[in-house]
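What follows draws every value from the coordinates through simple rules; no lab data is involved. It should be emphasised that the depicted structure is a prediction, and the values quoted were computed from it without experimental measurement. Here Cβ is always computed from backbone atoms with ideal geometry, including for glycine, and neighbour counts include all displayed protein chains.
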Amino acid sequence: MPRPRHRPQNVPHNPSTAGRLESSGFDRARVHPKFLHSNATSHKWAFGAIAELLDNAVDEICNGATFIMVDKVNNPRDNSPMLLFQDDGGGMDPEGIRRCMSLGFSNKKSKTTIGQYGNGFKTSTMRLGADAIVFSRANRGSGGADVIAGAICGPASLVNSMMDLHHGALMLLGPTMNAKVAFDISERLPHLSLRMKEHCARALTYATRMKKLGLKVIYPGLDDHPNHALLKSMANPGYGFGGMLCVDMGTEERANRLMNHLQNSTQFGLMAVSLGYYETLMSCSGSSTSSELSVEEKEVAGISPGLVRMSVGYSGTVEQRWGQFEKAISWMQDANPHYGKN
């Protein structure tokens, strides 16, 4: 978990020396954060966390950041080596740091993130470096979207400190969920892995077949997805590439017509705004969950007017559901004989 960018007051810093080249070699260099950003968003190798920390400097451009300093220091606790990242932007004041470290705090104003479902099973996020994960158990975790609960996973020292009788955040907020909800979830956890595998397996099957039909499909399990190799290198064997996929129908009118066929004519799935269920759910993001974004923000987020997002369910058989999807597409093609052909 990256530390907040706040330079200690007792550490002297001279920006004029940050770009100096030492006579003994290329020891230091000064670059603009946007240069780091262009690298961080495209690389696919083991130092992804480092690139992400460098990429964070972009956030401080609006506060005057012009460079970032990377230095090697020693952890005072056990003398282990650490990398220190400091930019010359505005940073955080002590109150900002406190809020950032508070449980449940978020300053995010945009809802442009797509494809968060199933990360725990797909990639074992904590194994890749996260200190703690907060899980929602409302949709796929429960299997039926009929309970509301949460789970915090992390080192025992972290969880125990949060449950401290006098100062723990969980003790102050209430660490115990409803007994019936806890029982219902505990009964469903043993087969959670089986359900997630089926979600992911069906999503890959559908995405592959949709692409063969000539549809524009966005799914990280497909070889032509820009992040396919990255996710494959991180993924847990057997859990696939997630249960979310997107089909770009080009226009909002065609997207709505397809969803209408899939829900009301062939019963392939259901239209919804909160995705993740044992039935396939779908939405046209540009006119629903992301409708508050400007045209420019949607373009940056990759949300076209006809983008249909689907959380693939596991009810019915694969062939039964695929037959329903094909029938809906055939009706779309009957209305426009050239539709879906390259």
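Residue-wise HN-Hα couplings along the range 313-326, as the Karplus relation 6.51 cos²θ - 1.76 cosθ + 1.60 with θ = phi - 60° gives them from phi, are x, 10, 7, x, 8, 4, 5, 4, 5, 5, x, 5, 5, 4 Hz; Gly and Pro carry x. Look at the alpha carbon pairs under 8 Å that are at least 6 residues apart: their mean separation over the length of the range 224-342 gives a relative contact order of 30 percent.
Spin-label pair Asp334-Glu299: with each label point 7 Å from Cα along the Cα-Cβ axis, the two points sit 3.8 nm from one another. Is the shape of the range 193-335 best called rounded, prolate or oblate, per the rule: a/c under 1.5 gives rounded, else a/b larger than b/c gives prolate, else oblate, with a ≥ b ≥ c the square roots of the Cα gyration tensor eigenvalues? Oblate is the answer for the range 193-335, as a/c is 1.5 or above yet b/c matches or exceeds a/b.
Along the range 262-274 the Karplus relation, 6.51 cos²θ - 1.76 cosθ + 1.60 evaluated at θ = phi - 60°, assigns HN-Hα couplings of 5, 8, 9, 9, 10, 6, 5, x, 10, 7, 7, 9, 10 Hz to successive residues, with x for each Gly and Pro.
FRET efficiency for the pair Ser287 and Ala149, taken as 1/(1 + (r/R0)^6) with r the Cβ-Cβ distance and R0 = 30 Å, rounds to 0.45.
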